[in-house]
Structure formats: structure tokens, C-alpha cells
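Working notes, beginning with the structure itself.
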Amino acid sequence: MGLSYNFDTDVTSSSSPTYLNLRANRTLCELYAQDMDALGTKIQINQEKLMNASTDMGNVSHIIPSFHGAFVIPAKDDVSAHNPAFAACAGTDGGHTAAVNCAKGMAMLALRVLIDEDIARRAKKDFEQDDE
């Protein structure tokens with residue numbers, strides 16, 4: 001705001017929710033799980049228990065059909081995310097392999113959505129039904 005004073009300009013601001021809830025598209029989630037299975041990784045579509053987390057992916061998921069592909073970084077049970085021990089695990093060959101495998105699954109899903117009109121239609125239908 002101080003900068004606007006120095007340049008004789010007006011500044012307007014508004015506030016909105018920082019992160020909206022994540023609307024995971026069922027069609028995309030199921031197909032991603034199939035693609036990951038083909039790569040030898042089992043993906044859990046539904047969480048066993050609710051999880052508190054934040055991501056700007058939630059905001060995107062309110063605009064277009066989306067999913068949030070997650071993967072496991074091999075780590076000991078006493079290592080939690082967002083700390084140096086977890087970062088060290090992510091930097092291992094196992095962490096790298098998991099990340100590359102996840103990227104392959106996402107790429108496979110993207111190709112399926114782009115080349116198969118039925119998949120794109122199903123994802124759009126799921127998205128529109130979630131709005132109701």
C-alpha cells in the first residue's frame with residue numbers, strides 16, 4: 001500500500017478463502033489408479049480417515065475436473081513429512097523412483113483424457129454432478 005502512495009495510484013484489495021476444499025474427480029481418480037496399477041503401484045482412491053492438509057490444488061478443482069495424485073516416499077514410521085529427515089528420504093533412490101513412477105501415471109492419465117473423448121466426457125459429467 002505504501003508503494004501506491006509514492007506513485008500516486010490507488011490500490012484495491014479483496015480477501016477470499018486461501019485454499020478451497022479439494023474436489024477429486026472420481027473418473028480421473030479411478031483411471032489414475034488403473035494406470036498406476038499397470039506400473040506396479042497400488043493407489044488408494046478413498047482415504048480410510050479424513051486428513052487435514054492444504055493445497056492450492058483445491059482451488060483448481062473448483063474450476064476444472066481434477067485429482068491430486070499422491071505417492072508414498074519410502075521412510076521409517078517415525079519420519080513425518082515436512083522435516084529434514086523426510087527430505088533425506090525423498091532424496092534416496094527409492095524416493096526418486098516413487099516420484100518418477102507417479103509422474104508416469106499422471107502422464108498416462110493425461111494422454112488418456114486427451115485422446116479418448118469418452119473419458120473426457122465422463123470426467124466433465126462427474127465434475128458437473130459434484131456441483132449439484
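The values are calculated or read from the model by the stated rules, or taken from the named source; none is laboratory data. Just so it is clear, the model here is predicted, and its values are computed rather than measured. Reconstructed Cβ throughout: ideal geometry from the backbone, glycine too, with neighbour counts over all protein chains shown.
Here are some notes:
- Subset of segment 79-126 (residues that are touching a helix residue (DSSP H, G or I) at 6+ places or on another chain (Cβ under 7 Å), outside any helix (DSSP H, G or I) and among the small types (G, A, S)): S80
- For first residues located in segment 62-87 and more than 30 Å from D130 (Cβ to Cβ), partners that are at pLDDT below 90 and loosely packed, with under 10 Cβ neighbours inside 10 Å and lie 6+ apart or on another chain with Cβ distances below 8 Å form the pairs F86/S80.
- Residue that is among the small types (G, A, S) and under 14 Å from the mean Cα position of the chain (by Cα), where the choices are A38, A24: A24
- When M106 is tested against the conditions (1) modelled with pLDDT under 95; (2) closer than 22 Å to M51 by Cβ, the lone failure is (1).
- Considering segment 24-69, the residues that are of a type in the set (G, A, S) and surrounded by 15 or more Cβ atoms within 10 Å (Cβ to Cβ) include one that is modelled with the lowest pLDDT, namely G69.
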